[in-house]
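No lab work stands behind these numbers, since they all come straight from the coordinates. Computed from a prediction, not measured in an experiment: that's the story for all the values here. Counting neighbours? That spans all protein chains shown, and the Cβs are built from the backbone with ideal geometry, glycine included.
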Amino acid sequence: MVHGAFAESASWGGVIQRLLGDRYAVVAAPNALRSLSGDFAVASSLLSTLDGPVVLIGHSYGGIFNAAVGHDHVKALAVQRRPSS
């Protein structure tokens with residue numbers, strides 16, 4: 001899980017608890033939000049340490065999925081966006 005702008009890894013807390021309750025392994029990646037290319041590189045590096053299959057989930061900052069390029073063990077991508085009012 002990768003958070004978007006104006007958030008932090010802890011913003012996934014509720015989702016993490018539900019997934020852990022269903023016995024999924026979960027990683028909420030820190031995202032420095034310094035630059036798109038830098039953030040992609042950090043997320044890609046983290047992905048290279050994980051065994052698959054992986055579902056990569058991002059919030060708002062959907063472009064982070066560029067980090068999944070070249071990681072064949074990433075089997076699904078999902079983006080969570082704030083509902084419009």
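Electrostatic tally near residue 54: other residues with Cβ closer than 12 Å to its Cβ, Lys and Arg +1, Asp and Glu -1, net -1.
Find which of 56, 12, 46 sits farthest along the positive direction of the dipole of the stretch 9-80, computed with +1 on the beta-carbon of Lys and Arg, -1 on that of Asp and Glu, about the Cα centre. Comparing the listed Cα positions along the dipole, 12 ranks first. Taking label positions 7 Å along the Cα-Cβ direction at both residue 51 and residue 69, the computed distance is 2.9 nm, reported to one decimal. Take the Cβ atoms of residue 7 and residue 76, set R0 to 25 Å, and the FRET efficiency comes out at 0.70.
Once the Cα-Cα distance is subtracted from the 0.36 nm per residue extended length, the residue 41 to residue 25 segment shows a gain of 3.5 nm. Semi-axes of the equivalent ellipsoid of the chain are 18, 18, 12 Å, computed as sqrt(5λ) over the eigenvalues of the C-alpha gyration tensor in descending order.
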